[in-house]
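Visitor: Handing you a structure now.
None of the figures in this text is laboratory data; all of them are computed from the coordinates on show. Worth saying up front: this structure is predicted, and the values here are computed from it rather than measured. When we count neighbours, we look across all protein chains shown, and the Cβ atoms used for this are built from the backbone with ideal geometry, even at glycine.
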Amino acid sequence: MEKNPKISIIIPVYNTEQYLRAAVESVINQTYENKEIVLVDDGSTDSSPKICDEYGSQYSYIKVIHQDNAGLSAARNAGITISKGEYIAFLDSDDEYGNKDMIAHYAHIFINNPTLDLIQFPTMWYWNDNKKHILGNVQDSLTDNINIGQNYSSGRLTGTACDKIYNRQLFNLTHFSEGRYFEDVWFITDIIPNLHHIYIDDFGFYKYKIRGGSITQSKYSALKSKHKIETSLKSVRTIICYCKDSYYHVNGFIQLQDCFLRYNLEHNSKSFEDLQKQIVEILPSIKGLAKNIRYISFNKTLQILLTKAFGIKMSIRLYNLKNSNTLK
């Protein structure tokens, strides 16, 4: 492997003029020299395109793309296409990297472990002036799909795209699904079958800024809710396939069923009917239901048993009667 491999940091940009400079500067200030920044202006209508062009003209290692608005996944895919790095990372344009030595630290790990598929680092959530460290793990090398599946099931391997650096070869196999909400989780579950060696580290952090106008803070629509259920269903299937621990099978199914019941009640939409059958059909694959049932609340147990015996409509009826007040 090259002594100092090129690392590409792709930053999709959409109307974030207030935060964009801080995001870009947090990468420019990285001590690692062989880096590339790809700014993808996704049809911004504020001054973001101008800011992107300023950086592109000032730094030779910064590339700028302007495209019609097509969404976060399309912007990331466009950045992947023109990037040249052996390793690829993603930074949202309203977030920052929290340590100037992060890229150098992780480049060194990749150099010493050339078979690594990805490295994951901690995330720090920022809400206004407050901060909360939500993920920081001791160093650990995971060596096979079974361990990777279990770590995903437990939440240790996150469903977030931006807290990782990826081996470029992963993108020869899959890209981000365009036109879909919750694209990060969808993407992570897509690549899990192709992961063999990953590294979870506790150095530095991704500075995630929670703001009222962001995508993750926007209200749900029926389409977003449908995508949420589909993504949850895909996650459970991944857990069943790549995790042997039956506890996580049951826990994942509970989360899936809660997701379905919650949004079905909220929207009262027939658009979810095509997912009902799929949810019931995976029940026979849920291992250890009887073994783990003592760890589940009575209400959750009843939901699962009714779904198994009578279909999900009975669960919806029960959920409507007992839980409608808790969903507001």
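Visitor: Using a 10 Å cut-off on Cβ atoms, rank the peptides 168-175, 233-240, 72-79 from the highest mean neighbour count down.
Guide: Going by the mean number of other Cβ atoms within 10 Å, highest first, we get 72-79, 233-240, 168-175.
Visitor: In nm, to one decimal, how far is the S285 label point from the D101 one, both placed 7 Å along Cα→Cβ?
Guide: 4.5
Visitor: Still on this model: Classify the range 1-115 from the C-alpha gyration tensor, please: rounded if a/c falls under 1.5, else prolate or oblate depending on whether a/b exceeds b/c.
Guide: prolate
Visitor: Same structure again: Stretch K50-D274 to full length: gain in nm at 0.36 nm per residue minus the Cα-Cα span?
Guide: 76.2 nm
Visitor: Separation of the range 175-203 and the range 38-112 by C-alpha centroid, Å?
Guide: 18
Visitor: Now for a separate question. Under 14 Å from the Cα of K244, which aspartates and glutamates turn up, not counting those fewer than eight places away in the same chain?
Guide: D144
Visitor: Find out how many positive minus negative residues lie around T189, taking Lys and Arg as positive, Asp and Glu as negative, among other residues whose Cβ is under 9 Å from that of T189.
Guide: Values: positive: K234, R237; negative: D190.
Taking every other residue near T189 into account, the sum is +1.
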